[in-house]
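K.L.:
Right, I'll just put the structure down here and ask away after.
Please treat every number below as a calculation from the coordinates, not as lab data. It should be emphasised that the depicted structure is a prediction, and the values quoted were computed from it without experimental measurement. Virtual Cβ from ideal backbone geometry, glycine too; neighbours counted across all protein chains shown.
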Amino acid sequence: MSAAPDTGDAQPHTGGCWCCGQPYPPDRMVHLGAHPEVTVCADCARFLDRRAALLGARATPVALIRRTTQTIRDQVLSRQIHERRVIGPFLRWLDKFLP
């Protein structure tokens, strides 16, 4: 995913993240280069970057690790394991460091 700072050509979206809908201050948002009116928060930008990497992945060991990590992540989310009190905070912390 490529993101560039807002050039001021279009009105930026100030209502919050277009992906998750959470309100954030404008200086904490990423403006997409071709569409500066579209803004996403840092967490959603990381999510979109991961999805884009999966789309363009070739059959390499790194791509296999990314796909496996994403499969495990999808299972954790579908079973809501990240919401549990004991293991949830650890899983959310760990997710920041995984591809």
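K.L.:
Mind ranking 80-89, 22-31, 40-49 by how tightly packed they are, going by the mean number of other C-beta atoms within 10 angstrom, highest first?
P.N.:
Final packing ranking: 40-49, 22-31, 80-89.
K.L.:
Label residue 52 and residue 98 with points 7 Å out from Cα along Cα→Cβ: what is the distance between them in nm?
P.N.:
The two pseudo-label positions are separated by 2.2 nm.
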